[in-house]
Amino acid sequence: MEASQAQSKSDDGPMVTVLSIDGGGIRGIIPGILLAFLESELQKLDGADARLADYFDVIAGTSTGGLVTAMLTAPNEKNRPLYEAKDLKNFYLQHSPKIFPQSSSWNLIATAMKYGRTLTGPQYDGKYLHKLIREELKNIKLENTLTNVVIPTFDIKTLQPTIFSSFQLKKRPDLNGLLSDICISTSAAPTFLPAHSFETKTPDGTSKFDLIDGGVAANNPALVAMAEVSNHICSEGSFGKMNVKAMQYNRFLVLSLGTGAQKQEMKYSAAEASTWGALSWVTTTTGTPLIDAFTHASSDMVDFHIYSVFQARHSENNYLRIQDDTLPGELSSVDIATEKNLKGLVQVGEELLKKPVSQINLRTGVHETVDSGETNADALKRFAERLSKQKRYRKSELSAYGNF
């Protein structure tokens, strides 16, 4: 089936729209730039007041992606999104150096001191980040978001993922915590920022959570978001009033944004790793091998699985994954928040819009350029048109599909 025919077939009725944003520290600048472009395209189609939360039935984010999710869905005093997507870049540029303060002289001694701090505690105390998040999100709770959100964390008390999901609030009112606590928790990357504990109260009592970064569970939360929608359909019998079945993935429209990855070349070798003890697996002068391994593996396996599912349903055009896996050196860091590095990440995001669309090769696991000739900017424009069309579907049915 030709791409245009496949898209025409998939557009003949309402679809569940999903946005997913990976974790990645300061690299959140990259999806921030992509989202600003997408929102600007929606504004060209539907007016200056268009916001991403108006178009996505669910927005999912892990770690820095969870913070972006909250910023895009938390209501301001006018009950509109707290942030426009165009503001995300400046947010990272302004606050990253204070969240991850760097030595004034980035040299071997400073590097040794930085990694030496992991022997006695996290590299950063998180005080600025926590204060910032609480000031921005105030008393907004999970139930207050302008569209459904899904934010993964990991509970180190129970050694189980805790998914803060709008879809679960009906059965799990204990999950209705402050959005600020949820964001602090999903961002608490081991060795970088301290774990976070908070309580929620319900008529049935008090629940306590002891949480760390959601990347431990799902650094790429796209599959979690899709599962939450499917579970909701199984439980409620429908998604709003949409006639979509739980596993009917050809009725899903999914945009998944990565935060960039190390250039595909040898970062660690078996010869090197064969001599490592526990400390070396946690931190080396070139990175944090164990954390690097599970976050990249998590993101790539999710991409592999989702693309396999959409391909099996002949709905490849319903899934768009944008990721740059060519980041060199310090640009692949989650915390080197120098002015040079942050500007470099801005450039990566802007250049990523010009790069051709790529898809994972299911045989090799490597991302390869697709034959369509589309750039990522072209693909996002096409995505904006489909999102706008979905909104018109719902409006034309006199809100028959309700709020999701």
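So what's the net charge close to Pro173: Lys and Arg +1, Asp and Glu -1, counting the other residues with Cβ under 12 Å from its Cβ? Let's see the in-between values first.
Numbers: positive: Lys141, Lys170, Lys171, Arg172, Lys201; negative: Glu143, Asp174, Asp204.
Local charge sum for Pro173: +2.
Sort the following peptides by mean Cβ neighbour count (other Cβ atoms within 10 Å, averaged over residues), highest first: 202-209, 46-53.
On the way: 202-209: 11.4, 46-53: 16.4.
Answer by packing, highest mean first, reads 46-53, 202-209.
Can you compute the modelled spin-label distance between Thr158 and Ser372, with each label point 7 Å from Cα toward Cβ, in nm?
Spacing of the two 7 Å Cα→Cβ label points: 4.0 nm.
Using 1/(1 + (r/R0)^6) with R0 = 56 angstrom and r between the beta carbons of Thr202 and Glu272, what's the FRET efficiency to the nearest 0.05? Mind dumping the intermediate values first?
On the way: r = 50 Å, r/R0 = 0.89.
Rounded to the nearest 0.05, the efficiency is 0.65.
Given the peptides 220-231, 14-25, 312-323, arrange them by the average over their residues of other C-beta atoms within 10 Å, most packed first. Before the final figure, lay out each step's value.
Numbers: 220-231: 24.1, 14-25: 27.5, 312-323: 19.8.
Descending packing order for the listed peptides: 14-25, 220-231, 312-323.
Treat each spin label as a single point 7 Å out from the Cα along the C-beta direction, and report the Ser40 to Asn231 distance in nm.
Distance between label points: 3.8 nm.
If you plug each phi of the range 54-65 into the Karplus form 6.51 cos²θ - 1.76 cosθ + 1.60 with θ = phi - 60°, what whole-Hz ³J(HN,Hα) values come out, in order, with x for Gly and Pro?
Each residue of the range 54-65 in turn: 6, 10, 9, 5, 8, 10, 10, x, 10, 6, 4, x Hz.
For Asn90 and Lys245 in the same chain, what is the full-extension length gain: residue separation times 0.36 nm, less their Cα-Cα distance, in nm? Write out the running numbers ahead of the final one.
Numbers: separation 155, 0.36 × 155 = 55.80 nm, distance 4.02 nm.
Additional length available on full extension: 51.8 nm.
At a probe radius of 1.4 Å, what is the per-residue accessible area of Glu135, in Å² to the nearest 10?
Counting only protein heavy atoms, the figure is 100 Å².
Given points 7 Å out from each Cα along the Cα-Cβ axis, report the Ser238 to Asp210 separation in nanometres with one decimal.
The modelled label-to-label distance comes out at 4.4 nm.
Over the heavy atoms of Ser274, what accessible area does a 1.4 Å probe trace out, to the nearest 10 Å²?
Here the residue's solvent-accessible area equals roughly 90 Å².
Going highest first, how would you order 76-86, 328-338 by mean Cβ packing within 10 Å?
Ranked from most to least packed, the peptides come out as 328-338, 76-86.
Local charge sum around Arg51 (other residues, Cβ-Cβ under 9 Å, Lys/Arg +1, Asp/Glu -1)?
-3
Of Lys98/Lys208; Lys86/Lys245; Lys86/Lys138, which ones are farther than 26 Å apart at the Cα?
Values: Lys98/Lys208 29 Å; Lys86/Lys245 35 Å; Lys86/Lys138 22 Å.
Checking Cα-Cα distances, Lys98/Lys208; Lys86/Lys245 exceed 26 Å.
Working out 0.36 nm times the residue gap between Ala48 and Glu77, then minus their Cα-Cα distance, what length gain in nm do you get to one decimal? Mind showing how you got there, number by number?
Values: separation 29, 0.36 × 29 = 10.44 nm, distance 1.85 nm.
Full extension from Ala48 to Glu77 adds 8.6 nm.
Hey, with R₀ at 51 Å, roughly what FRET efficiency would Lys395 and Glu330 work out to, going by the Cβ-Cβ distance, to 0.05? Please list the in-between numbers first.
Numbers: r = 47 Å, r/R0 = 0.91.
The value I calculate is 0.65.
The values are calculated or read from the model by the stated rules, or taken from the named source; none is laboratory data. Just so we're clear, the structure is a prediction, and the values are computed from it rather than from any experiment. Reconstructed Cβ throughout: ideal geometry from the backbone, glycine too, with neighbour counts over all protein chains shown. Side chains are part of the model used for accessible areas, which takes the heavy atoms of the whole protein and leaves out ligands, DNA and RNA. Shrake-Rupley method; radii C 1.70, N 1.55, O 1.52, S 1.80 Å.
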